[in-house]
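Just so it is clear, none of the values below were taken in a lab; they were calculated from the coordinates. Just so we're clear, the structure is a prediction, and the values are computed from it rather than from any experiment. With ideal geometry, Cβ positions are generated from the backbone for all residues, glycine too; neighbour counts draw on all protein chains shown.
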Amino acid sequence: MQAAVVTAFGKPLALQEWDIPTAGPGQILVKTEACGVCHTDLHAAKGDWPLKPTLPFIPGHEAIGLVVALGAGVTIVKEGDRVGVPWLYSACGHCEYCLSAWETVCGKAEFGGYTRNGGFAEYVLADPNYVARIPTGLGPKEAAPLICAGITTYKGIKETEAKPGEWIAISGCGGLGHLAIQYAKAMGLHVCGIDIDDGKLDHARRLGADLVINAKTANPAEILKNAIGGGAHGVLITAPSLPAFKQGVEMTRKHGICVLNGLPPGEFPLPLFNVVANCITVRGSFVGTRKDMAECLEFAADGRVKADIELQPLSAINDIFERLEKGEVPSRVVIDFTGGSQAMAAVPARNAVAA
Ligand code: NAD
Ligand code: ZN
Ligand code: ZN
């Protein structure tokens, strides 16, 4: 099969032949139809984080495809089912976190496209207990971004504990952020979108943001406070950029919750007096549980949330990474495996946003 492989951190991916894996006991083999490209894949390929994947590996954790083979003992999915192979590839099922529906922080969790080979390949193995069940009526290309960008922001918004009628500030209006805006609106929140790119902010407006702020040319906390009489009840930081984190805390209302989704390498200074004296909570949030997955997919199946996708062939992966790094991807690129040869020319998406 064709696969895009990380052979060295920070180097272009190699497009190469790779053996089609065999489903062992308890595993399934999925024929990839589509796989979204998340900024996390870029962090993985650069070796940005303390826990690094073992080289060589195949990234990709927004893979959607059809089950084509079942390993011994698999009964909960059948051949032909459409599933998603997400970041939370598997967990132990027995630890205190798994037992309390916090499987995302299980110490034995495996991660798709990171500790296990992922969806930048024509076939991918999966654990049937942890795949996303794609609702009928939701196509594979539209579903792909939901199984990481969608679930992560849907869960992140819930973790802000902002209530209908209250304000949420979403910092970063790209792959994660453009879905976050839609989930937040569907959940009855007022939305302020923050980015450093005017094109992303125009798009945020089209998606329903009530207020947008360019953090490059203005102080977002000041503008937000003047506009709504205080900070936002909830803040969700999806930007892969450290300055956005300090700004996010500054944008949080007294007794509000600032949720961190973005994962740039490094640390940011926490203004202690502000956080303590204003009773602000700063909370990390990592993808979501299987229950969150089912819920976030239902929003899309109902037509309340729709990923904006630009389709590309697998062969364009290095160019996609370069654009992602420069902030030039409008919303989400999805690798299309259904268009024949992976060397085919770029196919513009039906619902692609203007570059
Ligand atoms: P993306 O590149 O598609 O979008 C990032 C957006 O942030 C872009 O629109 C960019 O213009 C904007 N941005 C950059 N600097 C900014 C700043 N200073 N202020 C405001 N906006 C700024 O990336 P993505 O796929 O949405 O991923 C974003 C981050 O989220 C990455 O670090 C990724 O690893 C992380 N992530 C975390 C989880 C999780 O479970 N916590 C899941 C998925 C992705
Ligand atoms: Zn992701
Ligand atoms: Zn566990």
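Per-residue counts of other Cβ atoms within 10 Å, averaged by peptide: what ranking do you get for 266-273, 311-318, 212-219, highest first?
Top to bottom by mean Cβ count within 10 Å: 311-318, 212-219, 266-273.
Assign one of three labels to the stretch 150-284, namely rounded, prolate or oblate, based on the Cα gyration tensor with a ≥ b ≥ c the square roots of its eigenvalues; rounded applies when a/c is under 1.5, prolate when it is not and a/b is larger than b/c, and oblate otherwise. Mind dumping the intermediate values first?
Details: a/c = 1.29, a/b = 1.20, b/c = 1.07.
Here the stretch 150-284 falls in the rounded category.
Relative contact order (percent) for the stretch 150-284, with alpha-carbon contacts under 8 angstrom and 6 or more residues of separation?
24 percent
Given R₀ = 25 Å, FRET efficiency for residue 273-residue 219 by Cβ-Cβ distance, to 0.05?
With R0 = 25 Å, the Cβ-Cβ based efficiency is 0.85.
Starting from the Cα-Cα distance between residue 325 and residue 46, subtract it from 0.36 nm times their residue separation and give me the gain in nm to one decimal. Could the numbers behind the result be given before it?
On the way: separation 279, 0.36 × 279 = 100.44 nm, distance 1.09 nm.
Fully extending the segment from residue 325 to residue 46 adds 99.4 nm.
In deg cm²/dmol and to the nearest 500, what is the mean residue ellipticity at 222 nm of the chain if only DSSP H runs of at least 4 residues count, each as -39500 (n - 2.57), divided by the residue total?
That calculation yields -7000 deg cm²/dmol at 222 nm.
In nm, to one decimal, how far is the modelled label at residue 136 from the one at residue 110, with both set 7 Å along Cα→Cβ?
Result for the modelled spin labels: 3.2 nm.
Working out 0.36 nm times the residue gap between residue 99 and residue 78, then minus their Cα-Cα distance, what length gain in nm do you get to one decimal?
Gain in length upon complete extension: 4.9 nm.
Past 22 Å, Cα to Cα: identify those pairs from 52/108; 246/306; 200/326, in the order given. Present the calculation step by step, with values, prior to reporting the outcome.
Numbers: 52/108 15 Å; 246/306 30 Å; 200/326 13 Å.
Distance filter (> 22 Å) returns 246/306.
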